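For reference, the structure discussed in these notes is given below.
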Amino acid sequence: MGPVQSGASWLALAIACAGAAVPGLAAAQSASAPNPKAAATQVQELVVTAMRREELLSRVTASVQAFTAAKMDVQGIKSFADIAKFTPGVTYQADRHDVYIRGIESTAGSGTTGIYIDDTPIQVRALGFNANNALPTVFDLDRVEVLRGPQGTLFGAGSEGGTVRYITAQPSFTNFSGFAHTELADVWHGSPDYELGAAMGGPLISDKLAFRISAWGRHDGGYIDRVDYQTLDVTQSNANYTDTYVLRGALAMRLPDNITVTTAVNYQNRLDHALSEYTVAVSNPDRGIFRDVTPDIQPDKDHFWLPSIKVEWDGPGVNFISNTAYYDRSEKVGGYSGTIYDLSYFQHFTVPAGYVDQFGFPQTPTYGYPSDPEGNPCANNCTAFYPLLLPTGPNAAVLGPLANYVASNLITNTQENFSQEFRLQSANSNARLVWVAGAFFSYDAQRSTEEIRDPQLPALTQYLWGENMATAWGDNLLPNGDDYINDTLAHDRQYALFADATFAITPQLKVDGGVRYAWTHFDFRNFNGGAQDLLCGSGVTDCPFNTTSGSKDEHPFTPRGSISYQITDDDMVYATVAKGYRIGGAVPPLPIPACGPTPFPTSYNSDSVWSYEVGTKDRFFDRRLYVAASAYWIDWSNIQQAFYVPLCGIQFTTNAGNATSKGFDAQFQASLAHGLEVEGAVGYTHARFTNTAMDANGDVLTVKGDSLDVAPWTVTLGGQYDFQLLSRDAFVRADWEYKSKRTAAIPAEDPNSAFYDAGVVPNPATNLVSLRAGMTFGRVDVELYCNNLLDAHPQLNLSHQDQETLMYEAETLRPRTVGFSATIKY
């Protein structure tokens, strides 16, 4: 549907957006889902396993947000990006698939948020560019739990800021259930969405053998056109579309002596056909025109297998759980445009002496500009080729016969993770002493390979500098056509012992304490080379690869303690202190000729947080209003951070600076008369660096008072009305999500930082409104929905390759989407 709508289209939109989704799908997906009709009298209690045991959410001494299958359906949640919109204190970075909780965010080293499928951790370590997490889809899940604050005691390394848990639907030994779901939607300014999925399960042998299987596929239509940068003719419409396929299967057996064995397999395959970035200078978001001028396609193909075996034994007074899992993942991503990166890098060697950049800053020649990449004077007047990049893309006028120059980037990330956990815990959750103890082992092999494929570089080198490859670069192209390769193979090994216990001093007053002690080992070997590595002298061909290795051993200790008081059955207050950490690591050295003489570090240590939280969970008005609120103060020390070197565009990882994050989050759910339910959440995060950190050269990395890259305020409000229409269940629903603008500078926006970039600006505030409606016809639920009702299109994540690049790219919210879905329950 085009950017300009007819009156009939607006009428159709108004009808389509006049209501809300039907909760029947949720009930079909999860046997534990609350009955929507009961919500008219009391807010339903949820049971979660955030503390590795079943507990009512209102009794957990931590800030937890839980999404049942019912809730995710009625809110139109398809991925973690949607979950983050409804969770205060949580930020999702779509371009890196990163999850940040309470301001604890970093693109370097191990992840700051633990990601689990059932009992298996799957988060990725950042070894190079674009170390993206493979976040699971939410089809046929029982629920998703988001635990805010460090969870290192029970969930180990990587849960420094919090943990996200995907709890899959399990086989039932007693009841058959299933559903089939289909959906079709129109994306404003883009191509349609559609999906199809089904799930079923139940006993094969009553009370002895049960199964659960599901299959799902979804196509998310694109809305960004690829265009020829010289003519702006469309070469591919709606190029940033995504296809995702999911298969799940589980078989559960009850054996003698109260033993249950569940084998499961999770498979997910996702293909983003192009990155969702548009070129600012040639786009017009107000008219729904989004264009990308990069000549090379940047897809992201990601798939994983996760087989697991879970053994449970219900003994006298105790339960024993063993979880064995193997996670095999491969991602091939064009993390950045090889063409745009190369041209931005090459134009550093064509800058005229005394040049003043776009922000009014004079540029000091580094290699005695004008020069070739080896620092030797150009054989021709190479300053005639500046700039190689305009705001609208490559500069065809100066590229002349090489105006169709194309280079491509390919980053390959693989993970092969084996994990084993044993837990022994008390069986009676109502006992005066409730405890859990266990052992954990994991061995993770991860590889990151970055390649820039540039078969036209010999011709471009001759054209720009009047020299051959060996003279200008000190090397020739690699045999496969790469001009640069960086390959890192790393191993993480962890052994850990942990224990946690809750003791009721009185029926109302409880104390909890937990500890985890781990033995961790990290090692890597790296080789890199190619013409762009610039490690060889002028005229040297067949330059050898630069090979390095490193390792890090640590013994982290993460305690946790809390105290809670149950004032009444409906009111509880608590206070918690907890430590979280991330494992340290090692990194390859940067090429000095390319990146400058700074002694960049080759290893980094673990960082850690201490979190202090107080909270309350209350039910009012005969349990028709539920309120949960918490306030926190987090001290983050020795932060692992990634910094980009402006000269060469390569990043290094080091420990730089300390920070505090303080704030609060509050959420409520109220069931009013006549089937009307309202809910909301608000979060505030004030995250600032507390010192100025410098590198060995005295260059400022972080500035005291600068912000971590997180929006201070997030607010969500939603309302749902259940009613009868033509003697059938129906309801309407509306949701509003708000994220504020960050008002304090991050280091890249601070002129006092060595990595200041005047072109980097904070995201604006965003508002997102969605409406849903539906009705039940026997076993069939139908829905109409409208996401991003106002077609908001803020300019987000504005970026360019380096300070000298005139071409800017940005992202935006997914355009207005109007759709229909149907679910058949059986």
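Once C-alpha pairs closer than 8 Å and six or more residues apart are averaged by separation and normalised to the residue number of the stretch 440-573, the relative contact order reads 27 percent. Of the peptides 655-667, 104-116, the order by per-residue mean of other Cβ atoms within 10 Å, starting with the highest, comes out as 104-116, 655-667. Each stretch of four or more DSSP H residues adds -39500 (n - 2.57); spread over every residue of the chain, this sum gives -2000 deg cm²/dmol at 222 nm. Backbone geometry of the stretch 761-768 corresponds, through the Karplus equation with coefficients 6.51, -1.76 and 1.60 at θ = phi - 60°, to 3J(HN,Hα) couplings of 10, x, 5, x, 5, 10, 10, 9 Hz, x marking Gly and Pro.
Seen through its C-alpha gyration tensor, with square-root eigenvalues sorted a ≥ b ≥ c, the stretch 247-356 comes out prolate because a/c lies at 1.5 or above while a/b is bigger than b/c. Taking amide H as placed 1.01 Å from N in the peptide plane, SER106 has its amide H under 5 Å from the amide H of THR112, each at least 5 places away in sequence or on another chain. Classify the chain from the C-alpha gyration tensor, please: rounded if a/c falls under 1.5, else prolate or oblate depending on whether a/b exceeds b/c. It comes out prolate by the Cα gyration axes. Using a probe radius of 1.4 angstrom, the carbon and sulfur fraction of the accessible surface of the chain is 59%.
Charge tally around SER442: other residues with Cβ under 13 Å, Lys/Arg +1 each, Asp/Glu -1 each, net -3.
Computed packing ranks the peptides 144-152, 428-436 as 144-152, 428-436, most packed first, by mean other Cβ atoms within 10 Å. Counting only residues at least eight positions apart within a chain, or on another chain, the lysines with an alpha carbon under 18 Å from that of LYS310 are LYS208.
Per-peptide packing, taken as the mean over residues of other Cβ atoms within 10 Å, places 742-754, 339-351, 626-638 in the sequence 339-351, 626-638, 742-754 from highest down. Rolling a 1.4 angstrom probe over the protein heavy atoms with all chains in place gives the chain an accessible area of 37 Å² per residue.
Couplings 3J(HN,Hα) of the stretch 687-695, computed from phi: 10, 9, 6, 9, 8, 9, 10, 10, 8 Hz, in residue order, whole Hz [Karplus 6.51 cos²θ - 1.76 cosθ + 1.60, θ = phi - 60°; x for Gly and Pro]. For the stretch 726-826, the gyration tensor built on C-alpha atoms gives a prolate shape. Its axis ratio a/c (a ≥ b ≥ c) is at least 1.5, and a/b is the larger of a/b and b/c. Here the 3J(HN,Hα) profile of the stretch 86-100, calculated from phi with Karplus coefficients 6.51, -1.76 and 1.60 at θ = phi - 60°, is 9, 10, x, x, 10, 10, 10, 9, 5, 5, 10, 6, 8, 10, 10 Hz, Gly and Pro shown as x. Amide H to amide H, with H built 1.01 Å from N, ILE289 comes under 5 Å of ASN284, counting only residues 5 or more places away or on other chains.
Remark: the chain carries a charge dipole of roughly 2600 debye about the Cα centre, counting +1 on each Lys and Arg Cβ and -1 on each Asp and Glu Cβ. With the crude spin-label approximation of a point 7 Å out along Cα→Cβ, what separation in nm comes out for SER637 versus LEU813? That separation, rounded to one decimal, is 4.1 nm.
The values are calculated or read from the model by the stated rules, or taken from the named source; none is laboratory data. Just so you know, these numbers come straight off a predicted model, no measurement behind them. Note that each Cβ is placed from the backbone with ideal geometry, even for glycine, and that neighbours are counted across all protein chains shown. Heavy atoms of the whole protein, side chains included, go into the accessibility calculation; ligands, DNA and RNA do not. Shrake-Rupley method; radii C 1.70, N 1.55, O 1.52, S 1.80 Å.
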